[in-house]
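Below is one structure, written out as structure tokens; comments come after it.
Only the coordinates and a few stated rules stand behind these numbers; no lab work does. Owing to the predicted nature of the structure, the values given are computational and were not obtained by experimental measurement. Because the Cβ atoms are built from the backbone with ideal geometry, glycine has one as well, and the counts that use them run over all protein chains shown.
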């Protein structure tokens with residue numbers, strides 16, 4: 001990290017209070033520490049899977065169609081991310097809480113832009 005850039009303060013990192021991903025549902029919900037609730041359709045989560053297999057090793061994270069939309073597992077990764085596993089055995093997507101907060105598809109967070117048309121830096 002260049003000396004002019006400071007790492008974010010821990011208080012500014014998005015913190016989930018509750019994550020709900022019921023079996024058989026087609027969406028995952030996160031209640032954030034600031035009171036916001038994000039609702040993620042599985043299609044959006046799978047399409048924006050940040051793993052190298054889905055996105056390559058460089059460049060922006062973009063929506064990619066395809067894959068199972070049945071979420072089979074959610075595993076916490078440290079205190080910064082979750083790993084989502086899908087019914088087709090795709091289990092390499094690690095979604096940081098910062099990325100998930102930026103991915104929120106609600107009109108306020110997405111600024112009215114269609115969620116699938118957005119892109120995110122690594």
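Treat the count of other C-beta atoms within 10 Å as a stand-in for reagent exposure and order 17, 45 from fewest to most. Present the calculation step by step, with values, prior to reporting the outcome.
Working: 17 11, 45 20.
Least to most surrounded, the residues fall as 17, 45.
At a 10 Å Cβ-Cβ cut-off, how would you order 39, 61, 94, fewest neighbours first?
Ordered from fewest to most neighbouring Cβ atoms within 10 Å, 39, 61, 94 come out as 39, 94, 61.
Give the order of 90, 33, 57 when sorted by the count of other beta carbons within 10 angstrom, beginning with the fewest. It would help to have the intermediate numbers written out before the result.
Values: 90 18, 33 12, 57 7.
Least to most surrounded, the residues fall as 57, 33, 90.
Sum -39500 (n - 2.57) across every DSSP H segment of at least 4 residues in the chain, then divide by the residue count to get the 222 nm mean residue ellipticity, nearest 500.
My calculation for the chain gives -3500 deg cm²/dmol from helical runs alone.
Per residue and in Å³, how big is the convex hull formed by the alpha-carbon atoms of the chain? Can you show the working numbers first?
Details: hull volume 14.8 nm³, N = 122.
It is 121 Å³ per residue.
What FRET efficiency comes out for residue 110 versus residue 75 if R0 is 22 angstrom and r is the Cβ-Cβ distance? Round to the nearest 0.05.
0.25
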